[in-house]
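Nothing in this text is a laboratory measurement; each read-out follows from the coordinates by a stated rule. This one's a predicted model, so the numbers in the text were calculated from it and none came from an experiment. Here the Cβ is made from the backbone with ideal geometry for all residues, glycine too, and neighbour counts use every protein chain on show.
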Amino acid sequence: MALQISDKSLFARLLRAPWWVSFIVAAVVGAGAFALFPKDLKIAGALSSVPFIVIGCIAAWKQRNTMSHAQIEAALQKLSVMSAREFVETLAAAYERDDYKATPFTKPGADLALEKNGYTTLVSAKRWKAANHGIEPLRELLAAMEKADTGRGVYVAINAVSDAATQFAAKNGIRVLHGSDLAALIR
């Protein structure tokens, strides 16, 4: 039986919060315990802040490479002014930094073919600037995946896709890459 922390517990909430919140809680708990405990227990009371310091360190480690909301917005704004060719080149370069071999896909339905560890993934970025994303471009990507005999596909969009499109993508093994995930990849 694996020990699992409840999502509603204080420590789970602190892990999801910015790292510095845990250090503030640790300072308040430590200072409060030191001030309120009897003289012979002050040090032990101050040490009660150690679990919060540990949680703060874990949260800081997990959040070390995450982008702030302003950085995500700036990255997405920068992407939105690119031409289609620039965007696909930028996308290919980002995947190549992650050890993929990116080549242009010349058939309909996808823009890039990524190869890594013997697997091929098709990437569609044709409608990446669109405000609304429906199922049709995902169907085109799925058809290209079937013709290329690969079960992996990535649909790239700056904005979120519709619920129906998200369900279609999940059902057919297509990863939807948008918003903060896209900004993190391009970064």
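Quick notes
- For the pair N65 and R13, a Förster radius of 25 Å applied to the C-beta separation gives a FRET efficiency near 0.70, rounded to the nearest 0.05.
- Modelled label positions at S6 and E86, each set 7 Å beyond Cα in the direction of Cβ, lie 5.2 nm from each other.
- Along each principal axis, Cα extent of the range 10-62, largest first, Å: 37, 14, 12
- Cα pair distances in the range 39-80, grouped into 5 Å bins until the bin that holds the longest one, percent each: 5, 19, 13, 12, 11, 10, 8, 7, 5, 4, 3, 2, 0
- Expressed per residue, the C-alpha convex hull volume of the range 1-99 stands at 165 Å³.
- Using a Förster distance of 45 Å, the FRET efficiency for V54-R187 (Cβ separation, nearest 0.05): 0.95
- nm² value of the averaged projected area, convex hull over the Cα atoms of the chain: 15.1 nm²
- Site pair R139 and D40 shows an inter-label distance of 8.0 nm when each label is modelled 7 Å from Cα along Cα→Cβ.
- Cα→Cβ-extended label distance, 7 Å offset, between R97 and L47, nm: 4.5 nm
- 3J(HN,Hα) along the range 150-156: 10, x, 10, x, 10, 10, 9 Hz, from the Karplus curve 6.51 cos²θ - 1.76 cosθ + 1.60 with θ = phi - 60°, whole Hz, x for Gly and Pro.
- Nearest-ten-degree value, helix 84-97 long axis tilted from longest Cα axis of the chain: 50 degrees
- On Cα atoms only, tilt of 136-147 relative to the major axis of the chain in degrees: 70 degrees
- Computing FRET efficiency as 1/(1 + (r/R0)^6) for K147 and V21, where r is the C-beta to C-beta distance and R0 is 35 Å, gives about 0.10.
- J(HN,Hα) series, the range 10-23, from Karplus relation 6.51 cos²θ - 1.76 cosθ + 1.60, nearest Hz, glycine and proline x: 4, 5, 5, 5, 5, 5, 7, 7, x, 4, 5, 5, 5, 6
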